[in-house]
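First up is the structure itself, then whatever we jot down about it.
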Amino acid sequence: MNICVVGSGYVGLVSGACFAHLGNRVICVDNDESKIKTLKKGAIPIYEPGLAELVKRNYKELRLSFTSNLKQAVKSSEVIFICVGTPPRDNGEADLSFIEHVARDIALYMPSYRLIIEKSTVPVNTGEWIEHTVKLFNKRNIKFDVASNPEFLREGSAIEDFMHPDRVVIGVKSKKASDILTELYKPLDAPIVITDIKSAELIKHASNSFLATKISFINSIANICDKVGADISEVAKGMGLDKRIGEKFLNAGIGFGGFCFPKDLAAFVMISEKVGYNFGILKEVQKVNDGQRTVLVKKIEGLLWNLPKKTIGILGLSFKPDTDDIRYAPALDIISELLKEGVNIKAYDPQGMPKVKRVLKNEIKFCKDAYSVAEKSDCLVIVTEWNEFKELDFKKIKKLMHQPVIVDGRNIYDPAEMKRLGFRYVGIGRR
Ligand code: NAD
């Protein structure tokens, strides 16, 4: 199929490269000209494992191309995916102005039938607004369909998630739209849920909110473990073996971040309010998540006594491992709380530093690796569970540190082993 993907970010670029890999001809569009220039030069503007190779191969084999010219892309593609950002407004509501903009332009440029698919995460009823907008600017009365096809990929394992999804959700109004999307996704050999557009839109927000709830639930249990001297890893194991609960998303820690959970949760709370439902559970999930940052800072304070002028080493800045994405990263909240306390901060992240440098500039010291972070630090804090932090030489770390103190916000180390090595160590809900 000839496909146009509008928005070449984490979702658009991965989707475009994967659709091309499946044998389609894909044009990725972005209105950020510098991003398109970078892509045309064969470089990738984001870090995502395996993406550079996939993009390069498909670009070379002419299945994948890049442009900032939406008109040209819409002209040559029957199937159009909208993958632009839906960032939160100040009140938490999703800002849908990018979506509206693109819908209007597609209506102006489409020469014949087009299937317009919302892949961005959007509030329920957005499909209706897209249809309304396209009708409004579609002066020549050209036939079109709107569909919803929410994306469930996770940064860090985006290609694997895209190519092997648990399910593909398709929300449609017409058989033609359903047939095109079913054909497109056939090679993935995944269960396909075909439903109406509103239900498809709700599936995405409901799924992310449910997963976020699971995280805040286990974090609440971890906080109880801390108070009574139980161990959250034992509790989570005992819970997770129950098939009705499952073991995934039961890792206690400093809470979730990223461009999906915090913003989708806030948007879903607002959507619910708009339709007259007070989604109290989700408000509590947000509150628990925000509170986990403070839990961590209190633990650091508990081990260091006074914080002013102490040096704290932060390991991990990206919101999760295997990505350079720092949007709503817990590290940023924690650093901001610690700076207010008057501490000096040293930090290292395998991929996230360039983006953090743009935000924090000279406020913290950026280091070349975990060992230089440890040097003369009073406390080492694990914020993102990158694999390389799981394999550090702790004898060396201990010698480098000013005091041997570790606060493990992701529970990646064994507390008994850390104590044996001579560290004062605390995790989240660990004994
Ligand atoms: P992103 O910011 O990485 O990418 C969005 C891209 O859209 C940017 O490159 C931006 O320049 C471009 N853009 C904005 N307006 C445009 C326009 N008018 N024309 C062309 N390009 C335009 O965002 P993302 O992380 O890829 O997320 C995109 C959507 O997918 C969001 O709704 C998000 O919630 C959803 N989503 C994200 C993930 C994830 O893990 N990042 C997973 C599932 C769903």
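The values are calculated or read from the model by the stated rules, or taken from the named source; none is laboratory data. Worth saying up front: this structure is predicted, and the values here are computed from it rather than measured. Positions of Cβ are backbone-derived with ideal geometry, glycine not excepted, and every protein chain shown enters the neighbour counts. Accessible surface areas use protein heavy atoms only, side chains included; no ligands, DNA or RNA. Shrake-Rupley method; radii C 1.70, N 1.55, O 1.52, S 1.80 Å.
Run lengths n ≥ 4 of DSSP H only: what is the helix-derived mean residue ellipticity at 222 nm for the chain, with -39500 (n - 2.57) per run over all residues, to the nearest 500?
Values: 18 runs with 199 residues, N = 431.
Per the formula, -14000 deg cm²/dmol.
Quick query: amide H of V26 versus all other amide H atoms, modeled in the peptide plane; which residues come in under 5 Å with a sequence gap of 5 or more or a different chain?
Under 5 Å from the amide H of V26 lie the amide H atoms of I3, L64, S65, each far enough along the sequence or on another chain.
Starting from the Cα-Cα distance between W305 and I194, subtract it from 0.36 nm times their residue separation and give me the gain in nm to one decimal.
Here the answer is 34.2 nm.
Could you pull out which residues in the stretch 279-298 have an amide N less than 17 Å from a spot 7 Å beyond the Cα of K340, following the Cα-Cβ vector?
The answer is 287-298, whose backbone nitrogens lie closer than 17 Å to the label point.
Compute the signed sum of charges (Lys and Arg +1, Asp and Glu -1) over the other residues within less than 12 Å, Cβ to Cβ, of T86. Numbers along the way, then the final one.
On the way: positive: R89, K119, K204, K263; negative: E93, D95, E100, E118, E151, E201, D264.
Taking every other residue near T86 into account, the sum is -3.
Would you please name the GluC sites (Glu not before Pro) within the stretch 19-87 that are DSSP coil residues with at most 11 other C-beta atoms within 10 Å of their C-beta?
E61
Hey, what's the stretch 179-308 come to in accessible area per residue, 1.4 Å probe, Å²?
Counting only protein heavy atoms, the per-residue value for the stretch 179-308 is 51 Å².
Loop-only check: which trypsin sites (Lys or Arg not before Pro) in the stretch 245-332 are DSSP coil with at most 16 other Cβ within 10 angstrom?
Values: sites: K248, K263, K274, K283, K287, R293, K298, K299, K309, K310, R327; in loops: K248, K309, K310, R327.
Counting only loop positions with at most 16 other Cβ atoms within 10 Å, the trypsin sites (Lys or Arg not before Pro) in the stretch 245-332 are K248, K309.
Order the following by accessible area, largest value first: D32, D90, D324. Probe radius 1.4 Å; ligands, DNA and RNA are ignored.
These residues rank, largest area first, as D90, D32, D324.
Rounded to the nearest 5, what % of DSSP beta bridges with both residues in the stretch 1-139 are antiparallel?
Rounded to the nearest five, the antiparallel share is 5 percent.
Would you mind estimating how fast the stretch 238-342 diffuses translationally, via Stokes-Einstein at 4 °C and 1.567 mPa s with the Kirkwood radius over Cα pairs, in µm²/s?
Once the numbers are plugged in, D ends up at 81 µm²/s.
Give me the number: length gained by fully extending K376 to E273, i.e. 0.36 nm times residue separation minus the C-alpha to C-alpha distance, one decimal in nm.
Computed gain between K376 and E273 is 32.1 nm.
Given a 1.4 Å probe and every protein chain left where it sits, what share in percent of the accessible area of the stretch 1-87 is carbon and sulfur? Could the numbers behind the result be given before it?
Numbers: 1760 of 3630 Å².
Taking all protein chains in place, the stretch 1-87 shows 48 percent carbon and sulfur surface.
Please list the non-local residues whose amide H lies under 5 Å from the amide H of V343, H modeled 1.01 Å from N, same-chain partners needing a gap of 5 or more.
HN-HN under 5 Å from V343: K309.
Over the stretch 338-431, give the accessible area per residue in Å² for a 1.4 Å probe, as an integer. Please report the intermediate quantities before stating the final value.
Details: 4700 Å² over 94 residues.
Normalised by residue count, the accessible surface of the stretch 338-431 is 50 Å².
Dividing the alpha-carbon radius of gyration of the stretch 1-141 by 2.2 N^0.38 Å (N being the number of residues), what value is obtained?
For the stretch 1-141, the normalised Cα radius of gyration is 1.03.
How far apart, in nm, are two points set 7 Å out from the Cα along the Cα-to-Cβ line at K395 and at K60?
Label-label distance for K395 and K60, simple model: 4.5 nm.
Please report the carbon-and-sulfur percent of the accessible area for the stretch 180-282; probe 1.4 Å, protein heavy atoms only, DNA, RNA and ligands left out. Before the final figure, lay out each step's value.
Details: 3290 of 5230 Å².
On the stretch 180-282, the fraction of accessible area on carbon and sulfur atoms equals 63 percent.
Report the relative contact order of the chain, percent, no decimals, based on alpha-carbon pairs under 8 angstrom and at least 6 residues apart.
On the way: 847 pairs, mean separation 52.2, N = 431.
After rounding, I find 12 percent.
Once phi is turned into θ = phi - 60°, what whole-Hz ³J(HN,Hα) does the Karplus curve with 6.51, -1.76 and 1.60 give for every residue of the stretch 261-270, x standing for Gly and Pro?
After applying 6.51 cos²θ - 1.76 cosθ + 1.60, I find 4, x, 6, 5, 5, 4, 5, 5, 4, 5 Hz.
Please list the radius of gyration and Dmax for the chain, considering alpha-carbon atoms only, with Å as the unit.
23.4, 75
Please turn the phi angles of the stretch 416-427 into ³J(HN,Hα) values with the Karplus equation 6.51 cos²θ - 1.76 cosθ + 1.60 (θ = phi - 60°), one per residue in order, whole Hz, x for glycine and proline.
5, 5, 4, 5, 4, 6, x, 8, 8, 10, 9, x
When a/c is below 1.5 the answer is rounded, else prolate if a/b is larger than b/c, else oblate, so apply that to the stretch 278-410 with a ≥ b ≥ c taken from the square roots of the Cα gyration tensor eigenvalues.
Working: a/c = 1.64, a/b = 1.36, b/c = 1.21.
Judged from the Cα gyration tensor, the stretch 278-410 comes out prolate (a/c at least 1.5, a/b above b/c).
Please figure out what share of the DSSP beta bridges in the chain is antiparallel and state it in percent, rounded to the nearest 5.
Rounded to the nearest five, the antiparallel share is 5 percent.
What is the ratio of the Cα radius of gyration of the stretch 334-431 to 2.2 N^0.38 Å, where N is its residue count, to two decimals?
Here the Cα radius of gyration is 1.06 times the empirical estimate.
Compute the length gained on full extension between V228 and A52: take 0.36 nm times their separation in residues and subtract their Cα-Cα distance, giving the result in nm to one decimal.
Full extension from V228 to A52 adds 58.6 nm.
Quick check on my link table: of K310/K368; K237/K287; K395/K419; K298/K346; K227/K309; K214/K346, which ones sit more than 22 Å apart, alpha carbon to alpha carbon?
K237/K287; K227/K309; K214/K346
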